[in-house]
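Below is one structure, written out as structure tokens; comments come after it.
The values are calculated or read from the model by the stated rules, or taken from the named source; none is laboratory data. Computed from a predicted model, the values in this text were never measured in an experiment. No Cβ is skipped: glycine too gets one built from the backbone with ideal geometry, and neighbour counts run over all protein chains shown. Keep in mind that these areas ignore ligands, DNA and RNA; they rest on the heavy atoms of the full protein, side chains included. Shrake-Rupley method; radii C 1.70, N 1.55, O 1.52, S 1.80 Å.
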Amino acid sequence: MSLVSLTEPVGPADAPLVVLGPSLGTSTILWEDVVPLLADDYRVCAWDLPGHGAGPRVHEAFTVGDLADAVAAAVPEETFLYAGVSLGGATGLELALRHGERLRGAAIVASGAVLGEPASWTDRAAQARAQSTSSLIVGSAQRWFAPNSIARRPELTGRLLHVLQDADDDGYARCCEALAAYDVRPVLGEIRVPVLAAWGSFDAVAPEAKAVEIAEGVADGRVARIDDAGHLPPAEQPEAVAALLRSFFVPATGKDA
């Protein structure tokens, strides 16, 4: 089954490819202000989760590893760079484990080797199915954004919350169930590709300790803090995220930041 939808790349035809992954409840909109800041030197595309944005509607169970396999299958290039947020970041770690020979580097943003407790994800899945994703908007807004982000970027943050409202209830729920079963802590040491683990300074979902755990667990890891950001740094601080990615990608591509 098809699990993800990939946008057409933007940028020079001969440039290295960067693939951008979403957080649960969001879409490629999450990255739209970062893409132009990378597209001078990279070909940039993004993907949508099942039931989110342009992502296919899927009514069968899948794992985060399945998402990684789907992303790898959708990318035609032999090698690529990757950056993903939250569930998209978890997918990045699974890509590094399952398709490491194709990754030139993976930036794992606002994510972890495990996220939350299984029971909390299964409870949220049940809520989405019973009450729709609209019932999750208030809690998600509180988790997603730093204190000043909505006031500073009202249009984009509002559009992201609309993506959550419009998400397919079952697709969202199945993403929650995939996260309930996700835990790559025992196998982090098998990851050999360069990994950047970044966290937002206001992120309570995936705080600094999650990033440090990743960076210390993989063979080649580093950490970075994104100031004045919560759980969705690309939407909250696009310039800072783009600069961080450029700096991280340089050793993998030889391009100037």
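Worth a mention:
- Averaged over its residues, the chain has an accessible area of 39 Å² per residue, based on protein heavy atoms and a 1.4 Å probe.
- Antiparallel DSSP beta bridges within the chain, percent to nearest 5: 10 percent
- Inter-centroid distance (Cα atoms) of the stretch 103-154 relative to the stretch 1-41, Å: 20 Å
- Neighbour net charge for LEU20 - beta-carbon separation under 14 angstrom, K R +1, D E -1: -2
- Percent of Cα pairs exceeding the 22 Å cut-off, where the set is the stretch 146-257: 48 percent
- Percent of C-alpha pairs per 5 Å bin, the chain, short to long: 1, 7, 15, 20, 21, 19, 11, 5, 1, 0, 0
- Note on the stretch 191-231 and the stretch 51-74: Cα centroid distance 24 Å, given to the nearest whole angstrom.
- Of all accessible heavy-atom area on the stretch 125-257, the percent that carbon and sulfur account for (1.4 Å): 49 percent
- Peptides 214-222, 15-23 ranked from most to least packed by the mean count of surrounding Cβ atoms within 10 Å: 15-23, 214-222.
- Expected 222 nm ellipticity per residue - DSSP helices of 4 or more, -39500 (n - 2.57), all of the chain, to 500: -12500 deg cm²/dmol
- With K and R counted +1 and D and E -1, the other residues having a Cβ less than 10 Å from that of GLY112 yield a net charge of 0.
- Translational diffusion of the stretch 65-172 was estimated from the Stokes-Einstein equation, with Rh taken as the Kirkwood radius over Cα pairs; at 10 °C and 1.306 mPa s the coefficient is 101 µm²/s.
- Percent carbon-and-sulfur accessible area, the stretch 1-86, ignoring ligands, DNA and RNA, probe 1.4 Å: 49 percent
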